[in-house]
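The next block holds one structure in the form of C-alpha coordinates; read it before the comments.
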Amino acid sequence: MAEEVTCNFFKLSFGEWKGLRYDIKTLAFLTEEEVAPGVLAHLVKYTSSPEQHTSRASRIDFYRICLQDDNIIDALQRDRRIELTPLALYVITHELVHIIRFSKFQQRFDLEPRERTWEETIVHNIATEILKPMNMPALQSVLSAYDPLTARSSSALDDRYLYAHDSF
Ligand SMILES: [Zn+2]
(Lines give C-alpha, C1' and ligand atoms only; values in the text may rest on other atoms or scores of the structure.)
Protein backbone atom coordinates (compact mmCIF):
# COMPACT_ATOMS: atom_id res chain seq x y z
CA MET A 1 0.00 0.00 0.00
CA ALA A 2 2.85 2.41 0.92
CA GLU A 3 4.60 1.50 -2.32
CA GLU A 4 1.54 2.15 -4.43
CA VAL A 5 0.73 5.59 -3.02
CA THR A 6 4.37 6.69 -3.07
CA CYS A 7 4.84 5.53 -6.67
CA ASN A 8 1.70 7.41 -7.72
CA PHE A 9 2.74 10.56 -5.89
CA PHE A 10 6.12 10.75 -7.62
CA LYS A 11 4.49 9.72 -10.90
CA LEU A 12 7.16 7.12 -11.42
CA SER A 13 6.86 4.91 -14.47
CA PHE A 14 6.83 1.16 -13.97
CA GLY A 15 10.41 1.04 -15.27
CA GLU A 16 11.60 3.75 -12.88
CA TRP A 17 9.93 2.02 -9.98
CA LYS A 18 11.53 -1.29 -10.91
CA GLY A 19 14.87 0.53 -11.13
CA LEU A 20 14.75 1.36 -7.43
CA ARG A 21 16.64 -1.39 -5.72
CA TYR A 22 15.47 -1.92 -2.20
CA ASP A 23 13.97 -4.40 0.15
CA ILE A 24 12.22 -4.30 3.50
CA LYS A 25 13.24 -6.57 6.34
CA THR A 26 12.03 -7.05 9.90
CA LEU A 27 14.22 -7.43 12.97
CA ALA A 28 14.43 -11.21 12.85
CA PHE A 29 16.12 -11.03 9.45
CA LEU A 30 18.60 -8.24 10.15
CA THR A 31 22.35 -8.52 10.51
CA GLU A 32 24.01 -7.03 13.58
CA GLU A 33 24.92 -3.83 11.71
CA GLU A 34 21.36 -3.35 10.51
CA VAL A 35 19.92 -3.33 14.03
CA ALA A 36 19.62 0.23 15.37
CA PRO A 37 18.58 0.80 18.97
CA GLY A 38 16.09 3.56 19.67
CA VAL A 39 14.82 4.11 16.14
CA LEU A 40 11.79 2.74 14.32
CA ALA A 41 13.56 2.09 11.06
CA HIS A 42 17.11 2.09 9.87
CA LEU A 43 17.86 2.76 6.24
CA VAL A 44 21.03 1.06 5.09
CA LYS A 45 22.60 1.72 1.74
CA TYR A 46 24.80 -0.87 0.08
CA THR A 47 26.96 0.08 -2.85
CA SER A 48 28.71 -2.41 -5.09
CA SER A 49 32.45 -2.28 -4.52
CA PRO A 50 34.69 -0.28 -6.89
CA GLU A 51 36.50 -3.45 -7.95
CA GLN A 52 33.28 -4.81 -9.36
CA HIS A 53 32.32 -1.62 -11.16
CA THR A 54 34.99 0.80 -12.27
CA SER A 55 32.81 3.58 -13.59
CA ARG A 56 30.35 5.47 -11.45
CA ALA A 57 27.61 4.86 -13.99
CA SER A 58 27.73 1.13 -13.48
CA ARG A 59 27.76 1.37 -9.72
CA ILE A 60 24.77 -0.29 -8.16
CA ASP A 61 23.14 1.10 -5.04
CA PHE A 62 20.86 -1.03 -2.98
CA TYR A 63 18.77 0.13 -0.04
CA ARG A 64 17.42 -1.91 2.80
CA ILE A 65 14.63 -0.62 5.04
CA CYS A 66 15.35 -2.32 8.35
CA LEU A 67 12.23 -2.23 10.49
CA GLN A 68 13.06 -2.30 14.19
CA ASP A 69 9.92 -4.13 15.28
CA ASP A 70 10.78 -4.01 18.98
CA ASN A 71 10.96 -0.20 18.95
CA ILE A 72 7.79 0.02 16.87
CA ILE A 73 5.95 -2.08 19.48
CA ASP A 74 7.38 0.14 22.23
CA ALA A 75 6.07 3.22 20.42
CA LEU A 76 2.59 1.66 20.24
CA GLN A 77 2.65 0.90 23.95
CA ARG A 78 3.81 4.39 24.88
CA ASP A 79 1.04 6.17 23.03
CA ARG A 80 -2.36 4.55 22.78
CA ARG A 81 -3.45 6.89 19.99
CA ILE A 82 -0.90 5.26 17.71
CA GLU A 83 -2.01 2.14 15.86
CA LEU A 84 0.18 -0.38 14.13
CA THR A 85 -1.19 -0.20 10.58
CA PRO A 86 -0.93 3.60 10.17
CA LEU A 87 2.43 3.67 11.93
CA ALA A 88 3.88 0.96 9.68
CA LEU A 89 2.39 2.72 6.65
CA TYR A 90 4.00 6.00 7.70
CA VAL A 91 7.40 4.49 8.46
CA ILE A 92 7.60 2.62 5.14
CA THR A 93 6.33 5.59 3.11
CA HIS A 94 8.84 7.87 4.87
CA GLU A 95 11.72 5.52 4.05
CA LEU A 96 10.58 5.14 0.43
CA VAL A 97 10.60 8.94 0.07
CA HIS A 98 14.21 8.95 1.35
CA ILE A 99 15.17 6.23 -1.13
CA ILE A 100 13.57 8.04 -4.08
CA ARG A 101 15.27 11.32 -3.15
CA PHE A 102 18.65 9.62 -2.78
CA SER A 103 18.20 7.67 -6.01
CA LYS A 104 17.21 10.74 -8.00
CA PHE A 105 20.15 12.63 -6.50
CA GLN A 106 17.78 15.12 -4.93
CA GLN A 107 19.66 14.51 -1.74
CA ARG A 108 23.05 13.08 -0.72
CA PHE A 109 23.14 10.10 1.58
CA ASP A 110 25.95 11.39 3.80
CA LEU A 111 24.36 14.48 5.32
CA GLU A 112 25.70 16.73 8.03
CA PRO A 113 23.55 16.64 11.20
CA ARG A 114 21.99 20.02 10.46
CA GLU A 115 21.18 19.09 6.84
CA ARG A 116 19.75 15.85 8.11
CA THR A 117 17.32 17.63 10.42
CA TRP A 118 16.16 19.68 7.46
CA GLU A 119 15.88 16.60 5.25
CA GLU A 120 13.79 14.85 7.90
CA THR A 121 11.34 17.76 7.83
CA ILE A 122 11.14 17.70 4.02
CA VAL A 123 10.66 13.92 3.96
CA HIS A 124 8.01 14.10 6.68
CA ASN A 125 6.13 16.77 4.73
CA ILE A 126 6.25 14.74 1.50
CA ALA A 127 5.13 11.58 3.33
CA THR A 128 2.25 13.58 4.84
CA GLU A 129 1.23 14.83 1.37
CA ILE A 130 1.29 11.25 0.09
CA LEU A 131 -0.74 9.79 2.94
CA LYS A 132 -3.22 12.61 3.53
CA PRO A 133 -5.67 11.56 0.79
CA MET A 134 -5.94 8.07 2.29
CA ASN A 135 -9.11 7.46 4.16
CA MET A 136 -7.58 6.29 7.41
CA PRO A 137 -8.53 8.45 10.43
CA ALA A 138 -5.90 6.86 12.69
CA LEU A 139 -3.20 8.16 10.36
CA GLN A 140 -3.64 11.71 11.60
CA SER A 141 -2.33 10.88 15.10
CA VAL A 142 0.74 9.27 13.57
CA LEU A 143 1.42 12.19 11.23
CA SER A 144 1.19 14.76 13.98
CA ALA A 145 3.09 12.66 16.52
CA TYR A 146 6.02 12.21 14.15
CA ASP A 147 6.16 15.72 12.77
CA PRO A 148 9.78 16.72 13.47
CA LEU A 149 8.78 20.36 13.93
CA THR A 150 6.19 19.79 16.61
CA ALA A 151 7.31 16.58 18.32
CA ARG A 152 8.08 17.69 21.86
CA SER A 153 11.06 16.19 23.65
CA SER A 154 8.89 15.56 26.67
CA SER A 155 6.20 13.87 24.62
CA ALA A 156 5.22 10.32 25.34
CA LEU A 157 6.76 9.47 22.03
CA ASP A 158 10.40 8.85 21.59
CA ASP A 159 12.00 12.12 20.54
CA ARG A 160 14.99 10.15 19.38
CA TYR A 161 12.88 9.15 16.45
CA LEU A 162 15.83 9.53 14.19
CA TYR A 163 16.55 7.59 11.12
CA ALA A 164 20.12 6.60 10.85
CA HIS A 165 21.37 6.65 7.32
CA ASP A 166 24.48 4.58 7.24
CA SER A 167 26.47 3.58 4.25
CA PHE A 168 29.10 0.93 4.05
ZN1 LIG B 1 13.87 10.00 7.80
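The values are calculated or read from the model by the stated rules, or taken from the named source; none is laboratory data. Not measured: the values here are computed from a predicted model. We place every Cβ from the backbone using ideal geometry, glycine too, and count neighbours over all the protein chains shown.
Being modelled with pLDDT of 90 or more and either closer than 27 Å to Asn135 by Cβ or more than 16 Å from the ligand (Cβ to nearest atom) (or both), is that true of even one residue in the stretch 30-51?
Among the residues of the stretch 30-51, at least one is modelled with pLDDT of 90 or more and either closer than 27 Å to Asn135 by Cβ or more than 16 Å from the ligand (Cβ to nearest atom) (or both), which makes the answer yes.
Output the qualifying pairs, or none if there are none: Cβ atoms under 6 angstrom, residues six or more apart or on different chains, first residue in the stretch 16-40 and surrounded by 12 or more Cβ atoms within 10 Å (Cβ to Cβ), second residue in a helix (DSSP H, G or I).
These pairs meet every condition: Trp17/Cys7; Leu20/Ser103; Tyr22/Ile99; Thr26/Asp69; Leu27/Asp69; Leu40/Asn71; Leu40/Ile72; Leu40/Val91.
Looking for something within 13 Å of the ligand (Cβ to nearest atom) and of a type in the set (S, T, N, Q) - is there at least one such residue anywhere in the stretch 102-113?
yes
Would you pick out the residues in the stretch 82-102 that are touching a strand residue (DSSP E or B) at 6+ places or on another chain (Cβ under 9 Å) and either over 14 Å from Thr6 (Cα atoms) or of a type in the set (A, V, I, L, M) (or both)?
Within the stretch 82-102, Ala88, Val91, Ile92, Leu96, Ile99, Phe102 qualify.
Looking for something over 24 Å from Lys18 (Cβ atoms) and within 11 Å of the ligand (Cβ to nearest atom) - is there at least one such residue anywhere in the stretch 126-141?
Looking through the stretch 126-141, none of the residues is over 24 Å from Lys18 (Cβ atoms) and within 11 Å of the ligand (Cβ to nearest atom).
Of the numbered conditions (1) touching a helix residue (DSSP H, G or I) at 6+ places or on another chain (Cβ under 9 Å); (2) within 15 Å of the ligand (Cβ to nearest atom); (3) closer than 20 Å to Gly38 by Cα; (4) assigned to a helix (DSSP H, G or I), Val97 fails exactly one; give the number of that condition.
In the conditions (1) touching a helix residue (DSSP H, G or I) at 6+ places or on another chain (Cβ under 9 Å); (2) within 15 Å of the ligand (Cβ to nearest atom); (3) closer than 20 Å to Gly38 by Cα; (4) assigned to a helix (DSSP H, G or I), Val97 misses (3) alone.
Please verify whether Ile82 is at pLDDT 85 or above, surrounded by 13 or more Cβ atoms within 10 Å (Cβ to Cβ) and not in a loop (DSSP other than H, G, I, E, B), treating the condition exactly as stated.
When the stated conditions are applied, Ile82 does not pass them.
Report the residue count in the stretch 1-45 for those that are of a type in the set (D, E, K, R), under 23 Å from Asp110 (Cβ atoms) and in a helix (DSSP H, G or I).
The qualifying residues number 3.
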